[in-house]
Amino acid sequence: MIARSERLMNYVVLFLFAAMALGPVLIILANALAPQNADDDGGLLGLHPGNFVEAWQQGNFSSYMLTSVTVAAIVVTTSAVLSILAGYAFGTMTFRGSQALFYLFLLGIMVPAEAIVVPLFFDFRALGLTNTLWAIALPQIAQSVAFGTFWMRASFRSSSKSLIEAATLDGAGSFRTLVSVLLPVARPAVVTLVVLTFMWTWNEFLIPLVMSPNGDLRTAPLALAFFQGQHVQETALLAAAAVLVALPVVVVYLLLQRHFIRGMLEGSVRE
C-alpha cells in the first residue's frame, strides 16, 4: 500500500513538471495555428497551417536558416573534433603542464561571452573578418571546445584502463586506440556533446548580432527578433515564426535523444 502511494505521488509530481514544461510549448503551437484575425474562422478543423508558410515568406527565413545551418555545421564539426582530441590527451595521457593547461581550457567556460564579445569585435575588424561566417563561428568554437574538452576528458577518464592496455599490447598507436577502441565506447558522450553544441550554437544571439553589424549574416534567432519588431500585433505569425526557428533543435534532439539521455545518465562528469 505504501509503495503504491509513493508511486502515485511520483506520477503526480512527474505530471506536474511535464505540464509546466510542455504548457508554454502547447500555447505557442495553439497560437501558431490560430486565425490571424477574429473574422477569419476558416481553415481545416479551425486550424491555420498557412501561418507557417506566410511567416516563412514574409520573414525571409530561408536565407537566415541557411546561415544558421552553415554556422552550426562549422561550429559543431570543428569543436567536436578538437574536443575529442583534447579530451583524449587530458584524459589518458600525462605530460608536463597538463593540469595547468587543462585549467586554462576551463577559463573558456568561466568567462561569459558578454565580457569578451566587444574586444573580439575590434580584433576581428582589424583582421577584416567582421561580417563573415568566421567571425560568427570562431568565438563559438572556442567556447564549445572549452566545455567539450572538459566533457570528453571526464568521459575518457572513466573508460576502462584495460581497453587501452589491450590496444597498446596489440600494437595500436594513440590515434588508433582513440578511433577504434575509445570512441565506440564514448559514443553517447560524443552524441550528447554534439546535441548540446548544436543547441547552443543555434540559439546564440549576441555573437551574430555583434559580429555582423551590417545584417548580411543574420542567423535564425536574429531574424526572429527582427520579425517580431515588424509584426508586433500579429500574434499568430510571431508564434509560427518561433516554431519554425525552434523546429531544427527539436528534430535533432528527437533523432538523437536515446544517445543523449544515455550520455547524460552515464555521467560524463565522473572522474
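Note on exposure: Val210, Val13 ranked by accessible area (1.4 Å probe, complete protein assembly) read Val13, Val210, with the most exposed listed first.
Among the chymotrypsin sites (Phe, Trp or Tyr not before Pro) found in segment 199-246, those both in a DSSP coil and sparsely packed, with 16 or fewer other Cβ atoms within 10 Å of their Cβ, are Phe205. With contacts taken as Cα pairs under 8 Å and at least 6 residues apart, the chain reaches a relative contact order of 31 percent. In the chain, the calculated helix contribution to ellipticity at 222 nm averages -25000 deg cm²/dmol per residue, counting -39,500 (n - 2.57) for every DSSP H run with n ≥ 4. In terms of its C-alpha gyration tensor, segment 218-258 comes out oblate, because a/c is 1.5 or above while a/b does not outweigh b/c. Accessible-area rank, largest first, for Thr77, Thr197: Thr77, Thr197, with all protein chains present and a 1.4 angstrom probe.
Apply the Debye scattering formula to segment 108-163, with a single equal point scatterer on each alpha-carbon and no solvent, then give log10 I(q)/I(0) at q = 0.18, 0.24, 0.31 Å⁻¹. Scattering profile of segment 108-163, log10 relative to I(0): -0.67, -0.94, -1.18.
The solvent-accessible area of Asp170, taken with every protein chain present and a 1.4 Å probe, is close to 130 Å². For Arg218, the solvent-accessible surface computed with a 1.4 Å probe is close to 60 Å², ligands and nucleic acids excluded. Determine, from the Cβ-Cβ distance of Ile28 and Met110 and an R0 of 45 Å, the FRET efficiency 1/(1 + (r/R0)^6), rounded to the nearest 0.05. For R0 = 45 Å, the calculated efficiency reads 0.85. Legend: residues Phe175, Phe147, sorted from most to least accessible area (1.4 Å probe; ligands, DNA and RNA excluded), read Phe175, Phe147. Positive end of the dipole of segment 1-134, charges at C-beta (+1 Lys, Arg; -1 Asp, Glu), about the Cα centre: which of Leu82, Leu66, Phe102 has its Cα farthest in that direction? Value: Phe102.
Relative to the longest principal axis of the Cα atoms of the chain, helix 98-110 runs at roughly 10 degrees.
Estimated at the nearest 10 Å², the accessible area of Trp134 is 130 Å² with a 1.4 Å probe.
The values are calculated or read from the model by the stated rules, or taken from the named source; none is laboratory data. Bear in mind that the values here come from a model prediction, so they are computed numbers and not experimental data. No Cβ is skipped: glycine too gets one built from the backbone with ideal geometry, and neighbour counts run over all protein chains shown. All accessible areas refer to the heavy atoms of the entire protein, side chains included, with ligands and DNA or RNA removed. Shrake-Rupley method; radii C 1.70, N 1.55, O 1.52, S 1.80 Å.
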